[in-house]
1. Short version: ³J(HN,Hα) in whole Hz for each residue of region A:324-330, in order, from phi by Karplus 6.51 cos²θ - 1.76 cosθ + 1.60 (θ = phi - 60°), x for Gly and Pro, what are they?
2. Relative contact order of region B:40-129, please, whole-number percent, based on alpha carbon pairs below 8 angstrom and at least 6 residues apart.
3. If you look at just the Cα atoms of region A:95-219, how large are its Rg and its Dmax in Å?
4. Over 19 Å between C-alpha atoms is what I'm after, so list which of A:49/A:314; A:52/A:129; A:144/A:228 land there.
5. Once amide H atoms are placed 1.01 Å from N in the peptide plane, what residues at a sequence separation of 5 or more from residue A:345, or on another chain, have their amide H within under 5 Å of its amide H?
6. Rounded to two decimal places and with Rh computed the Kirkwood way over Cα pairs, what is Rg over Rh for region B:40-129?
7. Quick one: how many Å² of residue B:82 are accessible to a 1.4 Å probe, rounded to 10?
8. Say a paramagnetic label sat at a point 7 Å from the Cα of residue A:232, along Cα to Cβ; which residues of region A:196-217 have their backbone N under 13 Å from it?
Amino acid sequence: MITKSLHKRESELANSKRQLEILSNSIFKSGDLPMFASKIAETNQFPLKARKLEILQINVGYMCNQVCEHCHVDAGPDRKEIMTKETMLQCLEVIKKTKSHTLDLTGGAPEMNPNFRWFVDEASKVGIKDFIVRSNLTIMKANKKFADLPEFFKSHNVHVVSSMPHWTRGKTDKQRGTGVFDQSIEALRDLNAIGYGMPDSNLRLDLVYNPSGAFLPGSQSSLEKDFKKTLLEDFNIHFHNLFAITNLPVSRFLDYLIASDNYEDYMYNLVEAYNPAAVENVMCTNTLSVSWDGYLYDCDFNQMLQLPVNSKAKHISEYNEELLFNRDIVISQHCYGCTAGAGSSCQGSVA
Amino acid sequence: MYQNYSTNDFRFISLLKFKQMQKTYYDPADLKKFGKISEWNEELGKKFFDYYGKVFEEGALTEREKSLIALAVAHTIQCPYCIDAYTGDGLQRGITKEEMMEALHVAAAIRGGASLVHGVQMMNKVNKLDM
């Protein structure tokens with residue numbers, strides 16, 4: 001089990017340029033597999049264009065209490081990139097004027113940002129329809145100061161979206177660390193106890209599933225059925241929806257693919273499962289991702305690959321919905337991860 | 001680098017390459033080409049794949065149960081393509097390795113039992129022939 005980020009280990013893959021080189025070399029350079037741009041051009045979907053902004057996703061920092069094997073953020077306790085209050089104030093100005101219906105806070109563990117609660121307080125006053133916090137669950141059990149997070153989320157009617165890679169201890173702990181499964185179950189019980197995830201409750205609790213290895217997720221609805229059945233029978237836990245997310249070949253998952261000699265087969269699988277219908281609804285067309293230092297990206301994956309938006313407005317301080325509308329989405333071969341099978345986004349399947 | 005090679009050399013190299021290609025009956029990459037069997041008989045190929053797709057749809061049995069049956073059968077008939085395909089399919093469905101191994105033991109038990117149950121035939125024969 002890894003305990004340090006690629007950055008801390010000074011791995012070659014901590015460098016986003018190196019990752020982009022890998023994603024355009026070998027099987028893609030030789031022509032064995034088509035580049036993503038030419039693949040979407042086959043169905044006249046190149047260039048991908050940004051439509052109306054619906055989801056503003058803000059990454060408040062890469063620090064996390066976990067070091068998951070697959071993490072595309074390369075998050076961990078050793079990451080020090082944390083959004084400052086000044087950048088948060090700039091984000092709040094945008095949240096006030098945006099027409100997007102969803103505000104999505106992510107990380108790292110977003111709760112570890114020292115100004116997280118203040119930011120949620122302020123952002124919730126704007127009255128955005130769907131206010132999401134992506135929580136890894138274990139943070140609620142990591143330290144006493146986080147124990148009241150469920151109540152805090154409830155008081156702001158936050159929509160909690162939590163990671164849960166499997167309904168068994170073995171598979172969960174292998175991907176996310178020893179003890180993660182038991183702590184996650186405890187945290188889910190705490191959330192259920194105050195109404196989160198209960199049938200007919202307005203307190204939304206959704207789970208995120210991503211495969212614990214070099215394979216694609218199965219059908220989201222079938223997996224949701226299995227998760228619901230087992231979590232209820234074995235642990236008396238309720239939740240609303242399951243989002244099945246494909247692992248993209250970025251950062252630690254890319255490192256894992258290469259180290260386990262799965263990279264080429266995985267890319268073949270992604271390309272083989274390419275679905276033009278998923279391209280139609282891919283999340284970058286209605287989402288904007290803001291990094292901890294305020295820069296704008298088409299998605300959280302492009303943020304980690306340091307591929308900024310193709311627009312004159314590059315920073316949250318320069319935010320301009322008109323300038324960003326209809327921009328060309330920046331793509332590379334990692335994008336095949338969002339267009340495979342039923343497609344993948346932070347909201348799960350898209351096709 | 002090839003300018004000093006004679007025609008015979010090239011024939012030899014081609015033969016070597018051919019032999020390398022033939023060094024194994026099974027190539028994992030061939031699984032992806034399964035659909036190509038329709039190219040030589042479209043009508044039967046189509047009928048087969050339509051049937052195949054229908055068989056694995058949810059019915060009285062779930063798709064998950066069918067995937068585990070397929071995995072067990074794959075091992076019984078020792079089909080490397082099918083083992084690859086249904087191990088991957090199982091992982092995608094969230095089937096655990098414990099469930100997979102139990103399914104294999106069902107296959108192994110039936111296969112082993114099928115040998116052993118013929119022991120009754122042997123015993124009958126011995127009892128008939130032996131004084």
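The values are calculated or read from the model by the stated rules, or taken from the named source; none is laboratory data. Remember, it's a predicted structure, so these values are computed and weren't measured experimentally. Here Cβ is always computed from backbone atoms with ideal geometry, including for glycine, and neighbour counts include all displayed protein chains. Note: accessible area is taken over every heavy atom of the protein model, side chains too, but ligands, DNA and RNA are not part of it. Shrake-Rupley method; radii C 1.70, N 1.55, O 1.52, S 1.80 Å.
1. Ordered by residue, 3J(HN,Hα) equals 7, 5, 6, 5, 6, 6, 7 Hz.
2. 24 percent
3. Looking at region A:95-219, its Cα Rg and Dmax stand at 15.0, 45 Å.
4. The pairs that break the limit, which is 19 Å between Cα atoms, are A:144/A:228.
5. The answer is A:246.
6. Taking Rg over the Kirkwood Rh, I get 1.16.
7. 40 Å²
8. A:198-200
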